[in-house]
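Enquirer: For reference, the structure I am asking about is given below.
The values are calculated or read from the model by the stated rules, or taken from the named source; none is laboratory data. In this text the structure is predicted, and so the values were computed from the model without any measurement. All Cβ positions, glycine included, derive from the backbone under ideal geometry; neighbour counts span all protein chains shown.
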Amino acid sequence: MQFSRIVVVILMIGFFCECERFSHGQADDGYELWMKYGTIQDTAVLDSYSAEIRAAAVTGQSPTCSIIRDELHRGLAGLLGKVVEVSDSVTGQTDVIVACCSCKALGGLVDKTRLETLGEEGYLIQRIEKAGRRMIVVTANEEMGLLYGTFGLLRFLQTGKNLNNLNLISRPRIHYRLLNHWDNLDGTVERGYAGKSLWKWKELPEKKDSRYTDYARANASIGINGTVLNNVNANPVILKPEYIEKVSVLADIFRPYGIRVFLSINFSSPVSADFEINGNRRAGIGDLPTSDPMDPRVRAWWKNKTREIYDRIPDFGGFLVKANSEGMPGPQDYDRSHAEGANMLAEALAPYGGLVMWRAFVYNAEVDADRAKRAYCEFVPLDGQFEPNVFVQSKNGPVDFQPREPIQPLFGAMPQTPLMLELQITQEYLGHSKHLVYLAPMWKEYLEFDTYAGGKGSSLARIVDGTVLPYTMTGIAGVSNIGNDRNWTGHFFAQANWFAFGRLAWDHTLTSEAIADDWIRMSLTWQENTVAEIRNMMLHSREACVNYMTPLGLHHIMQADFHYGPQPGYSDAPRRDWTSVYYHRADSVGIGFDRSSAGSGAVKQYFSPWRELFDSPETCPEKYLLWFHHVPWDFTMRSGHTLWEEICSHYFAGTDTVDSMVDTWTALEGQVNPAVFRHVAGRLSIQQKDAAIWRDSCLNYFQGFSNKAIYHEYSP
Ligand code: BDP
């Protein structure tokens, strides 16, 4: 008895000593995400902040202003390790003021002309001197800007920046910044790797899980302003009155955080009959014999349903629609076009300011033999036919969310239709929540890709944000990686992807490095060397994943449906374009999909000079080589290697990088929170093992066609 008590005491002392050394929370379970607000360990920084931040005021009495007050209070108390009073009115002692520019308390303190371009959500943070006293002022045109500005200020402090440099002006470049949840009503999450859905439909509307608020807060902290709650493979039941009631409870919780709620709808909702989608029986919730968008009864049904929603949720955002894709019903079932389908919904939503996000993820085999061409073939002819409140929402690439794809050529090719960019935060094809893959470099690669749609300088980002084409509305969506796992995202480092998505949606000019840097400092450590080691590991992780999974333009050779491990030999699917062999086309001559002008012609969907550059294996960027070309095994690469040697080298480079990630992390024991250390170490060892499986299975399989020895100093 005595003995075990002593052991417990020793263990506890050990535990507290351990915690003492980490500024970011005790035994971090990841729940607090990047908002840990651990007391600043650098005494010089702490002293400089403490000297200037003693009393704060957030003027205004709205629910949003209360949230801002609470956040500031929580953040400052944690970071400074002392209670900083945050009142609702400015006094002679106040040295941090958060107030709308119209607030009298600001009288003459800020240059209001700087606010003119900031819209409803932008903010200005300045450090000023008044009567010999320093003050920090966070101001905006509207209170949502104050909320974002407050998180901006806290981030500045959390990352230990110098107050002398505090002069921030920021506004979002894209208006609709949404998460898309692929959450089913039964609590499962399609392509979710972090537990079950956050939405407890059975408990709603009565019981409001406290996590709903934490979710909204986390999103607001990175500038996300909307959420689509349910899976694009939508169950019509979401539109039943009892579900609208449940959804309205969530909308009420999210509203003061600036987050609007949207829903995915099933195009067959108005019908009374049962139908089957992907093996699941679904029933419409209406009483109509049809969901033909040109049928007046169907149009009236949607109008009534929309009114019913807005009666309960006045700021409801609108509908996301997957139609005539992967078995989902849609207007083509009635020989109507995507535009006719979308416009029917748009008409119902327009009086309330709602919008339709009509997905371009369609790939009917009758349209073209090459899946990569189909969205473009179907949608480009419809340009100009959509109502003004319709977005066409497209994935970044022409096939699916692969580790690397060239850009979806639709971007820039529909000048009269605002295109919303859909990225995938959940790592469906990039190692689920088992692999550490920091996605910002991948998203930046897409965002910075110059489409040449309006001549040089037409990056995807500048199309999406309405700079190149005069879009009347702009939007970006990220397929969420959040579930009810305690740490939200399964892998601790997957939190960085949620964070990075929000930051890039707000400002796509931020660099992957800067975002990683912020996230590491907010989530893990300020220790310079450690920050550098972790950042380096993150920045190389996506290329490593491409290398050990699908280098040089290979794609879609993952395990059938599960999409985690390799299955390059997969050939027996209900559709050819679901098999791996359809995509890699390996044979005794070579490997790759010929999409040149002599092949499927997909290159012609791109603007010049890309269509010419992609068209020849000599000029095609090698990272896309096997996407666009069927290349002989002996083809000479720019390195001087043959193609076969180059493929081998990439696979080995991928696993080598993972090995070095493991080494880096192992050496960080004692430098980061021990609980996080153990969690990440465990996942990295899975990644290391599985990356090697990827390499060996793919090389062994492809070797069966190349008939050449594995090129490396050692064989798998
Ligand atoms: C595919 C996913 C599937 C989604 C589909 C989509 O495998 O689960 O339903 O995309 O985006 O990548 O609709």
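Enquirer: Condition first: away from the ligand (no atom under 16 Å from the Cβ) and under 26 Å from the mean Cα position of the chain (by Cα). Now tell me which residues in region 303-341 satisfy that.
Expert: ILE313, ASP315, PHE316, GLY317, GLY318 - these are the residues of region 303-341 that are away from the ligand (no atom under 16 Å from the Cβ) and under 26 Å from the mean Cα position of the chain (by Cα).
Enquirer: Among the residues of region 184-196, is any in the same structural domain as SER272 (by TED's automatic domain parsing), modelled with pLDDT of 95 or more, in contact with a strand residue (DSSP E or B) (Cβ under 7 Å, 6 or more places away or on another chain) and under 24 Å from LYS305 (Cβ atoms)?
Expert: Within region 184-196, none of the residues are in the same structural domain as SER272 (by TED's automatic domain parsing), modelled with pLDDT of 95 or more, in contact with a strand residue (DSSP E or B) (Cβ under 7 Å, 6 or more places away or on another chain) and under 24 Å from LYS305 (Cβ atoms).
Enquirer: Can I ask one more? Just checking, how many residues over region 656-679 are β-branched (Val, Ile, Thr) and surrounded by fewer than 22 Cβ atoms within 10 Å (Cβ to Cβ)? Break it down stepwise before answering.
Expert: Restricting attention to region 656-679, the residues satisfying the condition of being β-branched (Val, Ile, Thr) are 657-658, 662, 664, 666, 672, 676.
Next cut, surrounded by fewer than 22 Cβ atoms within 10 Å (Cβ to Cβ) only: 657, 662, 664, 666.
Number of matching residues: 4.
Enquirer: Okay, moving on. Tell me yes or no: at least one residue of region 682-696 is surrounded by fewer than 18 Cβ atoms within 10 Å (Cβ to Cβ), in contact with a Pro (Cβ under 9 Å, 6 or more places away or on another chain) and either among the basic types (Lys, Arg) or in a strand (DSSP E or B) (or both).
Expert: no
Enquirer: Still on this model: Which of (1) away from the ligand (no atom under 16 Å from the Cβ); (2) buried (at least 22 other Cβ atoms within 10 Å of the Cβ); (3) closer than 23 Å to ALA500 by Cβ does ALA251 not meet, given it meets every other one?
Expert: Single failed check for ALA251: (3).
Enquirer: So if I check each of THR94, THR59, which one is surrounded by 15 or more Cβ atoms within 10 Å (Cβ to Cβ), closer than 12 Å to LEU146 by Cα and touching a Ser or Thr at 6+ places or on another chain (Cβ under 8 Å)?
Expert: Being surrounded by 15 or more Cβ atoms within 10 Å (Cβ to Cβ), closer than 12 Å to LEU146 by Cα and touching a Ser or Thr at 6+ places or on another chain (Cβ under 8 Å) holds for just one of THR94, THR59, which is THR59.
Enquirer: Confirm whether ASN278 is away from the ligand (no atom under 16 Å from the Cβ) and polar (S, T, N, Q). Quick ask: steps written out before the conclusion?
Expert: Details: away from the ligand (no atom under 16 Å from the Cβ): no; polar (S, T, N, Q): yes.
Considered against the rule, which asks whether it is away from the ligand (no atom under 16 Å from the Cβ) and polar (S, T, N, Q), ASN278 comes out as no.
Enquirer: Quick one: in region 232-278, of everything that is of a type in the set (Phe, Trp, Tyr) and closer than 18 Å to GLU203 by Cα, which residue is nearest to the chain's Cα centre (by Cα)?
Expert: Top of the filtered list is PHE254.
Enquirer: Please state which one of ASP572, ASP507, ASP577, ASP587 is over 30 Å from PHE705 (Cβ atoms) and surrounded by fewer than 22 Cβ atoms within 10 Å (Cβ to Cβ). Give the derivation first.
Expert: On the way: ASP572 fails: over 30 Å from PHE705 (Cβ atoms); ASP577 fails: over 30 Å from PHE705 (Cβ atoms); ASP587 fails: over 30 Å from PHE705 (Cβ atoms).
Exactly one residue qualifies, and that residue is ASP507.
Enquirer: May I pose another question? Working carefully through the options ILE476, ILE557, find the one that is assigned by TED's automatic domain parsing to the domain that holds LYS395 and not small (Gly, Ala, Ser).
Expert: Working: ILE557 fails: assigned by TED's automatic domain parsing to the domain that holds LYS395.
Only one candidate qualifies: ILE476.
Enquirer: For a quick check of your reading: which strands (runs of 3 or more DSSP E) sit entirely within region 24-143 and have at least 2 residues that are within 22 Å of ARG255 (Cα to Cα)? Please lay out each step first, then the result.
Expert: Values: elements: 55-58, 85-87, 96-100, 123-130, 133-140.
Because the criterion is at least 2 residues that are within 22 Å of ARG255 (Cα to Cα), the strands (runs of 3 or more DSSP E) in region 24-143 that meet it are 96-100, 133-140.
Enquirer: Within region 173-200, take every residue that is in contact (Cβ under 8 Å) with a residue 60 or more places away in the chain and of a type in the set (Phe, Trp, Tyr) and give me the one that is farthest from the ligand (Cβ to nearest atom).
Expert: TYR176
Enquirer: Can you confirm whether region 464-472 contains a residue that is within 22 Å of LEU229 (Cβ to Cβ) and among the hydroxyl-bearing types (Ser, Thr, Tyr)? So that I can check it myself, show each step before the final result.
Expert: Applying the first criterion (within 22 Å of LEU229 (Cβ to Cβ)) to region 464-472 yields none.
No: zero hits.
Enquirer: Suppose we filter TYR651, TYR711 for residues that are in contact with an Asp or Glu (Cβ under 8 Å, 6 or more places away or on another chain) and either in a helix (DSSP H, G or I) or under 24 Å from HIS584 (Cα atoms) (or both); which single one remains? First the steps, then the outcome.
Expert: Values: TYR651 fails: in contact with an Asp or Glu (Cβ under 8 Å, 6 or more places away or on another chain).
Going through TYR651, TYR711 in turn, just one is in contact with an Asp or Glu (Cβ under 8 Å, 6 or more places away or on another chain) and either in a helix (DSSP H, G or I) or under 24 Å from HIS584 (Cα atoms) (or both): TYR711.
Enquirer: May I pose another question? Just the residues that are surrounded by fewer than 22 Cβ atoms within 10 Å (Cβ to Cβ) and within 16 Å of the ligand (Cβ to nearest atom), please, taken from region 378-396.
Expert: Within region 378-396, just GLU378 meets the criteria.
Enquirer: With respect to SER541, determine if the residue is outside the structural domain of ALA675 (by TED's automatic domain parsing) and more than 15 Å from the ligand (Cβ to nearest atom). If you could, list the steps in order and put the result at the bottom.
Expert: Working: outside the structural domain of ALA675 (by TED's automatic domain parsing): yes; more than 15 Å from the ligand (Cβ to nearest atom): yes.
Considered against the rule, which asks whether it is outside the structural domain of ALA675 (by TED's automatic domain parsing) and more than 15 Å from the ligand (Cβ to nearest atom), SER541 comes out as yes.
Enquirer: Within 16 Å of the ligand (Cβ to nearest atom) and either at positive phi or modelled with pLDDT of 95 or more (or both), is that true of ASN230?
Expert: Numbers: within 16 Å of the ligand (Cβ to nearest atom): yes; either at positive phi or modelled with pLDDT of 95 or more (or both): yes.
In short, yes.
Enquirer: So, one more: Which of the residues spanning region 404-457 are farther than 21 Å from ARG683 by Cα, touching a Gly at 6+ places or on another chain (Cβ under 7 Å) and within 16 Å of the ligand (Cβ to nearest atom)?
Expert: Of everything in region 404-457, those that are farther than 21 Å from ARG683 by Cα, touching a Gly at 6+ places or on another chain (Cβ under 7 Å) and within 16 Å of the ligand (Cβ to nearest atom) turn out to be GLU405, GLN408, MET420, LEU423.
Enquirer: While we're here: Which of (1) of a type outside the set (Phe, Trp, Tyr); (2) under 22 Å from GLU428 (Cβ atoms); (3) surrounded by fewer than 22 Cβ atoms within 10 Å (Cβ to Cβ) does GLY353 not meet, given it meets every other one?
Expert: (2)
Enquirer: Which ones in region 348-364 are within 16 Å of the ligand (Cβ to nearest atom) and either more than 24 Å from the chain's Cα centre (by Cα) or among the basic types (Lys, Arg) (or both)?
Expert: If the condition is that a residue be within 16 Å of the ligand (Cβ to nearest atom) and either more than 24 Å from the chain's Cα centre (by Cα) or among the basic types (Lys, Arg) (or both), then ARG359, ASN364 are the ones that fit.
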